[in-house]
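Asker: First the structure, which I've put down as structure tokens, then a few questions once you've had a look.
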Amino acid sequence: MPTSITITSEFSGSVVAKGATDDLSAQLLRHAGFKQIDDWHGRRHRLPTTTPLAYQVAIATHAAEMLRAARYDVTLPPDLDTPRKTLGPYAAGAELLRITDQIRAAEDGASLQRAVDHLLHPEHGALERVREALEAAGEQVNDLDDEAHALADRFGFASEFVNSAQSELVDSEVELRRVGTPSESYSAARTVRDHRGAALATSPAAEQAKVSSASSSQPAPLTITGHTPRAGTSPSTGSSSATAAPPPAPRPAGRPR
């Protein structure tokens, strides 16, 4: 689980970063311009109260960008977030950019699910808020102009499309949390196969069975005519030893011619 770091503004006017307990996050904060303080309260990082507001926002935003790039979970309030300042009244878009950064920085299924929940929560998620806003816009068009039915319908259709997207992703939380983790059934089956293979590899009975199977599977030799020889038949001639002709008798001794 990634380290969570919070950057906030205090009543004194100073900006404080808390949660950077490891050396990498502390180094990134110091590089951005924070001063490290180690006392009985623990390690924390602070900007001087004399730092101008524009610099506070720029430093806090830069620190958050570096920390998120290093896979840290960073909480940054809107008044210290430069994208919100540059986007002017489009604060919702800046918030969605922040959620997108969290999604891209997720290191496991659990952190990914927490980030996506800001979009998919059935009551407070961004998709539900967008659906309600589109639906309200269509209703308001009808209230303001009875003749603008086509425009009102377009907003209504857009609201239904968002609702379809929500329906497509219902109950995806459990699957998101399992992202990146091996399937238990697959792991169990692979373990059984590995154990079975190891047992057969070390079993003398299995080796003997392989030898017997190999010898019994060899085909019988064929005769010159292509048929399997019968018992007692020579493979080379095809004739039976039981019916073979006896050798010729020796010629009797007589007088020479």
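Asker: Being within 36 Å of the chain's Cα centre (by Cα), farther than 25 Å from Pro77 by Cβ and among the basic types (Lys, Arg) is true for just one of Arg154, Arg131. Which residue is that? Outline the logic, then answer.
Answerer: Working: Arg154 fails: within 36 Å of the chain's Cα centre (by Cα).
Selected residue: Arg131, the only one of Arg154, Arg131 that is within 36 Å of the chain's Cα centre (by Cα), farther than 25 Å from Pro77 by Cβ and among the basic types (Lys, Arg).
Asker: Just checking, how many residues over the range 29-63 are under 17 Å from Ser4 (Cα atoms) and either over 39 Å from the mean Cα position of the chain (by Cα) or hydroxyl-bearing (Ser, Thr, Tyr) (or both)?
Answerer: Final tally of qualifying residues: 1.
Asker: Cβ-Cβ under 9 Å, sequence separation 6+ or interchain: first residue in the range 154-176 and farther than 28 Å from Val141 by Cα and among the acidic types (Asp, Glu), partner assigned to a helix (DSSP H, G or I) and open to solvent by less than 80 Å² (accessible area, probe 1.4 Å). Which pairs?
Answerer: Between residues of the range 154-176 that are farther than 28 Å from Val141 by Cα and among the acidic types (Asp, Glu) and residues that are assigned to a helix (DSSP H, G or I) and open to solvent by less than 80 Å² (accessible area, probe 1.4 Å), the close pairs are Glu173/Gln113; Glu173/Val116; Glu173/Asp117; Glu173/Leu120; Glu175/Gly109; Glu175/Gln113.
Asker: Do we find that Ala63 is open to solvent by less than 30 Å² (accessible area, probe 1.4 Å), of a type in the set (A, V, I, L, M, F, W, C) and closer than 27 Å to Arg114 by Cα in this structure? Give the steps one after another, and end with the answer.
Answerer: Values: open to solvent by less than 30 Å² (accessible area, probe 1.4 Å): yes; of a type in the set (A, V, I, L, M, F, W, C): yes; closer than 27 Å to Arg114 by Cα: yes.
Yes; evaluated as a whole, the condition is true for this residue.
Asker: Mind listing whichever residues of the range 121-161 are open to solvent by 100 Å² or more (accessible area, probe 1.4 Å), within 30 Å of Leu176 (Cβ to Cβ) and either touching a helix residue (DSSP H, G or I) at 6+ places or on another chain (Cβ under 6 Å) or not charged (D, E, K, R) (or both)?
Answerer: The answer is His124, Phe157, Phe161.
The values are calculated or read from the model by the stated rules, or taken from the named source; none is laboratory data. Because the structure is a prediction, the values reported are computed rather than measured. Heads up, the Cβs are rebuilt from the backbone with ideal geometry, glycines too, and the neighbour counts pull from every protein chain shown. Accessible surface is based on the protein model in full, side chains and every heavy atom, while ligands, DNA and RNA are left aside. Shrake-Rupley method; radii C 1.70, N 1.55, O 1.52, S 1.80 Å.
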